Amino acid sequence: NNCQSCHGADGRARTPAGRKLHAKDLSQSTRTDAEIAEQIRKGTKNARGTDLMPPFKDKLTPEEILTLVGYVKTFRK
């Protein structure tokens, strides 16, 4: 529900919102599990400090974040 609008159903970030925000193509991800989890927890900001990807540390439990890490990795080629 929170990720698809930018990353798309296939994780490739070919959505209007994904293009506008320069969302990462998850099929090209080489990040470690810890790096993915940190990205989900903290989100991403642009140079001006505006959220590009919102943080989910207050919306998801640690267990949900770990589950999401596994799901994100399924998009890799």
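Results, tabulated for the structure shown:
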read-out	value
Output for the range 33-52, where each listed residue is closer than 25 Å to Thr67 by Cβ and of a type outside the set (A, V, I, L, M)	Asp33, Glu35, Glu38, Gln39, Arg41, Lys42, Gly43, Thr44, Lys45, Asp51
Answer residue from the range 1-48, given it is hydroxyl-bearing (Ser, Thr, Tyr), open to solvent by less than 40 Å² (accessible area, probe 1.4 Å) and in a loop (DSSP other than H, G, I, E, B) and is modelled with the highest pLDDT among those	Thr15
Test set (1) in contact with a Leu (Cβ under 9 Å, 6 or more places away or on another chain); (2) under 17 Å from Cys6 (Cβ atoms) - Asp33 fails condition number	(2)
Tabulated pairs, the range 27-50, first touching a residue at least 40 places away in the same chain (Cβ under 8 Å), second assigned to a loop (DSSP other than H, G, I, E, B) and hydrophobic (A, V, I, L, M, F, W, C), C-beta under 6 angstrom, 6+ apart or interchain	Ser27/Phe75
Hits in the range 49-77 (condition: exposed (fewer than 12 other Cβ atoms within 10 Å of the Cβ), assigned to a loop (DSSP other than H, G, I, E, B) and not charged (D, E, K, R))	Gly49, Thr50, Thr61, Thr74
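The values are calculated or read from the model by the stated rules, or taken from the named source; none is laboratory data. Note that the structure is predicted; figures quoted are calculated from it, not measured. Cβ atoms come from the backbone with ideal geometry, glycine included; neighbour counts cover every protein chain shown. Accessible surface is based on the protein model in full, side chains and every heavy atom, while ligands, DNA and RNA are left aside. Shrake-Rupley method; radii C 1.70, N 1.55, O 1.52, S 1.80 Å.
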